[in-house]
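One structure is given here, and the rest of the page talks about it.
The values are calculated or read from the model by the stated rules, or taken from the named source; none is laboratory data. Not measured: the values here are computed from a predicted model. Here Cβ is always computed from backbone atoms with ideal geometry, including for glycine, and neighbour counts include all displayed protein chains. These accessible areas exclude ligands, DNA and RNA; they are computed on the full protein's heavy atoms, side chains included. Shrake-Rupley method; radii C 1.70, N 1.55, O 1.52, S 1.80 Å.
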Amino acid sequence: WAYFSNENTTLFALQNAIAVLIIACPCALGLATPVSISMGIGKGAEYGILIKEAEALEALHSTDVVITDKTGTLTEGKPSLEQIIVLGTFSENELIQRTAEMNAKSEHPIALAFQNKAKELSIDYVANKLVANVPGKGIQAMKNGQKMFLGNEALLIQNNIAISTEIKQKVENIQSEGKTVSYLAIDSKIEGLAVIHDAIKPEVQKTIAFLNKKGIEVIMLTGDHEKTANAIADKIGIQKVFAQQLPEDKLKMIEKYQSQGKKVTMIGDGINDAPALAKADVGIAMGNGSDLAQDFSKITLLNNSFSTVKKAMVLSESVMKNIKQNLFFAFVYNTIGIAIAAGILYYTSGILLSPMVAALAMCLSSVSVITNALRLKQLKL
């Protein structure tokens, strides 16, 4: 400017150089993403969506696969013991008493179902101290020198307990109704079948339909028997189901899809889901689930509603859209202003950008970004 402008002075050159530096200040660019993320986290909290890591919002927006647990996630997580079908010499009340004693020190929803049934029938029981948990299979205990097993078919196979064809058929008929069946065996003999029912959460079907419509693959992984899992999946519209899964199986499934370059969101509530929640690109834990599951997740649904997954997805999309709009506002003033301050119009019309106008344009870009981000406060999920 000192040599090529009509003014031909160093002061004039310095004035225009300052204008370029001012309008090029990237204040709005630095605000564009954080201010939208902050508003998004605040809006999520209003709807019971606790977002603990900001990058979870972006990852949720680009989700390709949703893997979900069943009990406590798709279902209410408040299973009730409908009955214990007697198959041996013990009465139903005796079997209820024994199962309540085995589960007395556990806070697992299914364990509470046995305790609540005993209380409902006014059956006295004392906590059994000789109880061991068998992950993904059930529990085993000792009483009066007798070995007791309460769990799925895998637990019985592990302990070489035979299951007759008649009992298997009875179990399959119950499972086809979407109910869970636990075998109760005492001293290598099956003495009863515990029929457990857990209601499906409201709006689960609508949420699954929403995910399917977005082209997101939905997969149910559960430790339940295949027939029970398929019956539930058919009701809510999930096409891909993997039953009788152990915690390590869930982890392998996530690793498999991630190795294919897909973004995976895992939804669960139990201690067994914690490794999978930590491994997934986005881990979503239910609010009434275990503390460990919530610790390892990036998002927690405080209201425990599966339909809130849809709200979290919509929030993620809105925040990402808002960030892109903010980046536009951050660049548009700078792009136009720098060009004018640099003199693109000077030789045709004599127009330049004074430092004061440049400072105003810089402030306007920041104000535009913040104002646009504040629009997220009006978002309805």
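A compact table of results
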| item | result |
| --- | --- |
| Stretchable slack from Asn173 to Ala132, in nm (0.36 nm times residue separation minus alpha-carbon distance) | 11.8 nm |
| Förster radius 25 Å - calculated FRET efficiency between Lys213 and Ala45 (Cβ-Cβ, nearest 0.05) | 0.40 |
| Volume per residue of the C-alpha convex hull in segment 4-139, rounded to whole Å³ | 223 |
| Positive-end residue, the chain charge dipole about Cα centroid, Cβ charges, pick of Ala28, Ala154, Ser188 | Ala28 |
| HN-Hα J in Hz across segment 206-215 - Karplus 6.51, -1.76, 1.60, θ = phi - 60°, x for Gly and Pro | 5, 5, 5, 4, 4, 5, 4, 5, 7, x |
| Segment 105-182: GluC sites (Glu not before Pro) falling in loop per DSSP and having at most 16 other Cβ within 10 Å | Glu107, Glu177 |
| Residues with amide H under 5 Å from that of Ile219, placed H, sequence gap 5 or more | Val66, Ile67, Thr68 |
| Label zone at Leu246, where the point sits 7 Å out along the Cα-to-Cβ direction: segment 201-230 residues whose backbone N lies under 12 Å | none |
| Residue-span extension gain [Ser259 to Glu166] - 0.36 nm each, minus C-alpha spacing | 29.1 nm |
| Debye intensity ratio in log₁₀ form over the Cα atoms of the chain, taken at each q of 0.10, 0.14 Å⁻¹ | -0.72, -1.11 |
| Accessible surface, 1.4 Å probe, highest first, among residues Tyr183, Tyr333 | Tyr333, Tyr183 |
| Filtered trypsin sites (Lys or Arg not before Pro), segment 32-78: DSSP coil and at most 16 other beta carbons within 10 Å | Lys52 |
| Computed P(r) (all Cα pairs; segment 131-202; 5 Å bins; percent) | 3, 16, 27, 24, 15, 9, 3, 2, 0, 0 |
| Ala24-Ser349 FRET efficiency (beta carbon distance; Förster radius 30 Å; 0.05 resolution) | 0.85 |
| Accessible solvent surface per residue of the chain, calculated while the other protein chains remain in place, 1.4 angstrom probe, Å² | 48 |
| Carbon + sulfur, % of accessible area of segment 266-381 - ligands and nucleic acids excluded, 1.4 Å | 67 |
